[in-house]
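Working notes, beginning with the structure itself.
The values are calculated or read from the model by the stated rules, or taken from the named source; none is laboratory data. Here the structure is a predicted model, which is why all the values come from computation and not from measurement. When we count neighbours, we look across all protein chains shown, and the Cβ atoms used for this are built from the backbone with ideal geometry, even at glycine. Ligands, DNA and RNA are stripped out before the accessible areas are found, and what is left, the full protein with its side chains, is counted by its heavy atoms. Shrake-Rupley method; radii C 1.70, N 1.55, O 1.52, S 1.80 Å.
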Amino acid sequence: MPLRDLLLGLAVIAIWALNIIVIKVGVAELPPLLLTTLRFMLVAALLVPFHPVARHQLPFLALLSVTFGSLHFALLFIGLGQAEAGTGALLVQMGTPFATLLAVVFLKERLGPRRLAGLALSFAGVVVLAGGPTLPSPLPLSILLLSALGWAISQLLIKQGPNVPPLALAGWVALFAIPQVALGSWLFESDNLAALRGAGWAGWGAVFYTAVMSSIVAYGLWYGLLRRHPVNRVVPLTLLVPVVAVFLGVWLLGDGLGIHKLAGGGLVVAGIALIVLKFGSGKKSAKPPPAAD
């Protein structure tokens, strides 16, 4: 890969890793479902007017808004409010093993010994993480794993559904997800108006960053790289996302870096590597970005 494209790829990885930190900071100022709603509103406003879709694609996008918008993103924001950023980044990467299992069950894909080993390593990593001090209760673990499952279901739907350009998909999914997440915020969160009035640069900056930088800028750069290069040169970069997020959490938020996080995180990343890397393949493919993008 030319140096320019390699740097662009690393920039995308940095954007996605920092996105975890930004969400963690943002939910300290704004309730998580309110923050998610504002994020979707900004994404939809910036993308929907410029990326129309066919009428027959709307039911698919509405369904995807439930799994990708509400189940993945809303639970991600809630979970990161209760877990360390680095641990959250590692747990949400379990979307890849979940997607592999769903493909085996529903699409009858073959698992093979390499991917089976990857699944075993990934789930072993979660067990190690769950035994560490970064998850004081089972609740954040369950919420973040459900978020990963939402991502996995969404990838299965995208694989089987109509071909929608990435930015159009992001915009219309956000549009359909707005009333769902807003209703959840109204029902389960309190003092939203006070939170909006009291939000500072961290809260509003999180809205901007998660919508513009993570969803729009990073998406555009990522799919540009996939158009220009074989997937096996681009996708391995995504393995750096949880690694960078862990160290950003330690550096910027003072998160711990104990043996459970190092060992469990290493197992998760190693397992995902066995699942996603296609050694010796030069085929181009529009692979989805990592979870928590």
The chain - percent relative contact order, Cα under 8 Å, separation 6 or more: 40 percent
Leaving ligands, DNA and RNA out of it, report the carbon-plus-sulfur percent of the accessible area of the chain at a 1.4 Å probe. 72 percent
What are the aspartates and glutamates whose alpha-carbon lies under 18 Å from the alpha-carbon of LYS24, with same-chain residues fewer than 8 places away excluded? GLU84, GLU189, ASP255, ASP293
The Rg/Rh figure for the stretch 1-89, Cα atoms and Kirkwood Rh, to two decimals is 1.05
Karplus-derived 3J(HN,Hα), 6.51/-1.76/1.60, for each residue of the stretch 238-250, Hz, glycine and proline x: 5, 5, 7, 4, x, 5, 5, 4, 4, 6, 5, x, 5
Please get the size of the charge dipole for the chain, origin at its Cα centre, with Cβ charges of +1 on Lys and Arg and -1 on Asp and Glu, quoted in debye to the nearest 20. 1180 debye
Over the stretch 24-94, what relative contact order in percent results from Cα pairs under 8 Å that are six or more residues apart? 57 percent
At most 13 other Cβ atoms within 10 Å and a DSSP loop assignment: could you name the trypsin sites (Lys or Arg not before Pro) in the stretch 94-197 that fit? LYS108, ARG110
Rounded to the nearest 20 debye, dipole of the stretch 52-192 from Cβ charges on Lys, Arg, Asp, Glu: 680 debye
Please turn the phi angles of the stretch 211-219 into ³J(HN,Hα) values with the Karplus equation 6.51 cos²θ - 1.76 cosθ + 1.60 (θ = phi - 60°), one per residue in order, whole Hz, x for glycine and proline. 7, 7, 6, 6, 8, 9, 5, 5, 4
So, with points 7 Å from each Cα along the Cβ direction, the LEU58-ALA263 label distance in nm works out to 5.4 nm
Cα centroid of the stretch 140-169 to Cα centroid of the stretch 213-249, whole Å: 17 Å
